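Have a look at the structure below before the remarks.
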C-alpha cells in the first residue's frame, strides 16, 4: 500500500466516524496528529496503523548498476 492509499484509507475512516476529531478521540490520538498524517507531514504511528488494520512493512531493492 502506498502512502497515498494509506491516507485515503484514513480519510475514509474519519468520514465514517463523522470527522477527524471523532476518529482521533475514538482512537486516543490528537486531531492535529491525524491532520498531519492526512497532509503527509507525519508518518502514521502504531496507534493509527493498528486502528486501520495495517502493518508497516519496509523493503529494500538494489540500485541499477550505473554504466
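Annotations
- The angle between the Cα long axis of helix 3-17 and the longest principal axis of the Cα atoms of the chain comes to about 10 degrees, rounded to the nearest 10.
- Restricting the calculation to Cα atoms, every distinct pair contributes to the Kirkwood radius of the chain, found to be 12.9 Å.
Each value in this text was obtained by applying a stated rule to the coordinates, not by laboratory testing. These numbers were taken from a predicted model, which means no experiment stands behind them.
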